[in-house]
Every structure is written in structure tokens, then in C-alpha cells.
Amino acid sequence: MLPLPGANKEGVIAFRDIKDCETMMETAKIHKKAVVIGGGLLGLEAARGLLNLNMEVSVVHINKHLMDRQLDDTAAIMLQRELQQQGMKFLFGKNTEKVIGKARVTGVRFTDGSEESADLVVMAVGIKPNVAVAKKSGIEINRGIMINDFMETNIPGVYSVGECAEHRGIAYGIVAPLYEQGAVLAKRLVGSETDGYHGFVVSTKLKVSGVDVFSAGQFSDEIDTRAVRV
Ligand SMILES: Cc1cc2nc3c(=O)[nH]c(=O)nc-3n(C[C@H](O)[C@H](O)[C@H](O)COP(=O)(O)OP(=O)(O)OC[C@H]3O[C@@H](n4cnc5c(N)ncnc54)[C@H](O)[C@@H]3O)c2cc1C
């Protein structure tokens, strides 16, 4: 959740667990207008879900293009057009400043002074590893719990895997690398031979029906890479 003024109002949720989904379904029965903050994978999946519930949906994104951590500009614009045809609206380059309303949310205000009305606000702005327990235990943390190639923290006998762990500077937010970390840890614990975990080439698939989007590896043009577009 973004720590915005007003973020504790009724009708402001994250997209994280079953309860969030239940809130979306209940809200859609009596309210019409949803704002999703975040034009990444999860934000778009939440937005599609809300369209399915017959809500009007505006997706607010701080950058100029959707899924900018997975797609280059050309692909992002193709995706945007498809989703617009499905009924999604977009507000780009908008930095949300506060959530407005009394007890219940009535909208969001942006740093440029403009506003968007909303009966429901869903925040899907990325993950932050949960490091509270590790921090209190004196385990070394950075963004996540620091681990080496064998899932070991700096405290002997204490290991970490998953979204809370940071390996070679990366805290992963999808399951495939976490399964690999788990497999390495299992081998380590039972004393089987393993040359450790070396990181993962992240690939992602957008789960929005009617738009097949897949992204893997390095996706933007660089001086020493040639992009092939079909
Ligand atoms: C809506 C949504 C859709 C997603 N879709 C995809 C997808 O399509 N593909 C994909 O690869 N990934 C997806 N992800 C990401 C994926 O779910 C996570 O990367 C994955 O669940 C992380 O696994 P984890 O075991 O590290 O953490 P979690 O699944 O978050 O599990 C951590 C557990 O620890 C518990 N816990 C926390 N603190 C304590 C404590 N102090 N004591 C005891 N227990 C504690 C929590 O309650 C929780 O049960 C999605 C995530 C969300 C939210």
C-alpha cells in the first residue's frame, strides 16, 4: 500500500489476498467507479477483474507506458490499445498525492492538482519484502533478507527463500525463482551436492484474457543488442 494521506479510508485496498478480491466483488454490487493505481502486471489483472464485475475502471500509472518493467514502448502501446478496446481507461504520468473522501473514498488527487473520482481504489504498486522479523533478529537486511547462493543469511543455521529474500541484489516477485531457491535450500539442508542458486532470467505472462503478452529477459534496445520486431 502506498503510504498516502487518506489511504486508510473505506474502499481503499491492495491486491494481495482473497479478502481483497472479496472486497472488490462486494463493492461492485453497489458501486460503479474503480481506480487502480499501478499499470504493471498486477494492476492490469486487477483492472480486468473489475471490468468483469461491470465496474468502470481507470488505471493510474506514474510512467508513460504500461508494464514498463517488462515491455518496451512499442509493445506497451500495443497492449494499451487492446485494453482500451476492452473498456479500460488510462491516466499516464500521474503521481497520486492523496486519497479523498470522508469515511469512504470518493476519489484520488494527483500532484498536478487534477483528480479522478472513485468508489474503490486498488493499489498495485509493487512489492516490499517483509523483513520485520529478520530485522529484529539481527539478520542482515537490505531491501530484503540478504542471502548467499545457498540461501544462507549471515546467521549460521538461518536461511531465507521467497519474496522476502534478496539474492545478488534481487528480491523476486514471482514464484518460479522462489521454487528454484527452495530446491537449492532443500539440497543444502539434507547435505546433497548443489552448486547453489545463480539467479533467474525473469519471464512473465499477463493473465488477461484476449491479450497474450509474454516477456522475458532483456527487453529494451541497447547499443549492443538488436531488437527483432515482428
Ligand atoms: C494477486 C497476485 C497475483 C499473483 N500472480 C502471480 C502469477 O501469476 N505468477 C507468479 O509467478 N507470481 C504471482 N504472484 C506473486 C506470488 O504470489 C508471490 O511471489 C509468492 O506468493 C511469494 O511466495 P512467498 O512464499 O515468498 O511469500 P508469501 O506467499 O507472501 O507467503 C509468506 C507467508 O508468510 C506468512 N508470514 C508473514 N509474516 C509471518 C510471521 N511473522 N510469522 C509467521 N508467518 C508469517 C504470511 O502470512 C504468508 O502466508 C502474484 C501475487 C499476487 C498478490
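The values are calculated or read from the model by the stated rules, or taken from the named source; none is laboratory data. What you see is a predicted model; the values in this text were computed from it and never measured. When we count neighbours, we look across all protein chains shown, and the Cβ atoms used for this are built from the backbone with ideal geometry, even at glycine. All accessible areas refer to the heavy atoms of the entire protein, side chains included, with ligands and DNA or RNA removed. Shrake-Rupley method; radii C 1.70, N 1.55, O 1.52, S 1.80 Å.
Less than 9 Å Cβ to Cβ from Ser220, Lys/Arg counted +1 and Asp/Glu -1: what total charge do the surrounding residues give? Can you show the working numbers first?
Details: positive: none; negative: Asp72, Asp73, Asp221, Glu222.
In short, -4.
Can you pull the accessible area of Glu26 for me, 1.4 Å probe, Å² to the nearest 10?
Estimated to the nearest 10 Å², Glu26 gives 110 Å².
How would you classify segment 186-230 from its alpha-carbon gyration tensor, with a ≥ b ≥ c the square roots of the eigenvalues: rounded for a/c under 1.5, else prolate if a/b is greater than b/c, otherwise oblate? Present the calculation step by step, with values, prior to reporting the outcome.
Values: a/c = 5.59, a/b = 1.75, b/c = 3.20.
Oblate, since a/c reaches 1.5 and b/c is not below a/b.
Give me the distance in nm between label points sitting 7 Å out from Cα along the Cα-to-Cβ direction at Asp112 and Asp224, one decimal.
With each label placed 7 Å out from Cα toward Cβ, I get 3.8 nm.
For segment 12-123, give me the percentage of DSSP beta bridges that are antiparallel, rounded to the nearest 5 percent.
On the way: 8 of 24 bridges.
Roughly 35 percent of the beta bridges in segment 12-123 run antiparallel, per DSSP.
Which of Val12, Val35, Val190 moves most in a GNM of the chain, Cα contacts under 10 Å?
Greatest mean-square fluctuation among the candidates belongs to Val190.
How many lysine pairs in segment 12-123, separated by 8 or more positions in sequence or lying on different chains, have Cα atoms less than 27 Å apart?
So the count works out to 25.
With the chain treated as a Gaussian network of Cα nodes joined by springs under 10 Å, which of Ile145, Ile174, Ile13 yields the largest mean-square fluctuation?
Per the Cα network of the chain with a 10 Å cutoff, Ile174 tops the list.
For segment 132-190, rounded, prolate or oblate, judged on the Cα gyration tensor with a ≥ b ≥ c (square roots of eigenvalues), a/c < 1.5 rounded, else prolate if a/b > b/c? Don't jump to the answer; show the numbers that get you there.
On the way: a/c = 2.01, a/b = 1.18, b/c = 1.69.
Note, shape of segment 132-190 comes out oblate.
So, with a 1.4 angstrom probe, what is the percent of accessible area on segment 96-230 that is carbon and sulfur?
Numbers: 4440 of 8270 Å².
Exposed carbon and sulfur together represent 54 percent of the surface.
Counting helices only, and only those DSSP H runs with n ≥ 4, report the 222 nm mean residue ellipticity of the chain as the sum of -39,500 (n - 2.57) divided by its residues, in deg cm²/dmol to the nearest 500.
Values: 5 runs with 59 residues, N = 230.
Counting only the DSSP helices, I get -8000 deg cm²/dmol.
Suppose all protein chains stay in the model; what accessible area per residue would a 1.4 Å probe give for the chain, in Å²? Intermediate values should be presented prior to the final figure.
Details: 13290 Å² over 230 residues.
Here the per-residue accessible area is 58 Å².
Running a GNM on the chain with Cα contacts under 10 Å, which residue among Val211, Val121, Val36 ends up with the highest mean-square fluctuation?
Val211
Points 7 angstrom from Cα along the Cβ direction at Asn148 and Asp20: gap in nanometres?
Distance between the two pseudo-spin positions: 3.5 nm.
Quick one: grab the alpha carbon gyration tensor of segment 113-230, order the square roots of its eigenvalues as a ≥ b ≥ c, and give me rounded if a/c is under 1.5, else prolate or oblate depending on whether a/b is larger than b/c. Numbers along the way, then the final one.
Details: a/c = 2.25, a/b = 1.37, b/c = 1.63.
Verdict is oblate for segment 113-230.
Figure the gain on full extension for Val158 and Lys32 (residue separation times 0.36 nm, minus the Cα-Cα span) and round it to one decimal in nm.
Numbers: separation 126, 0.36 × 126 = 45.36 nm, distance 4.83 nm.
Extending this stretch completely gives an extra 40.5 nm.
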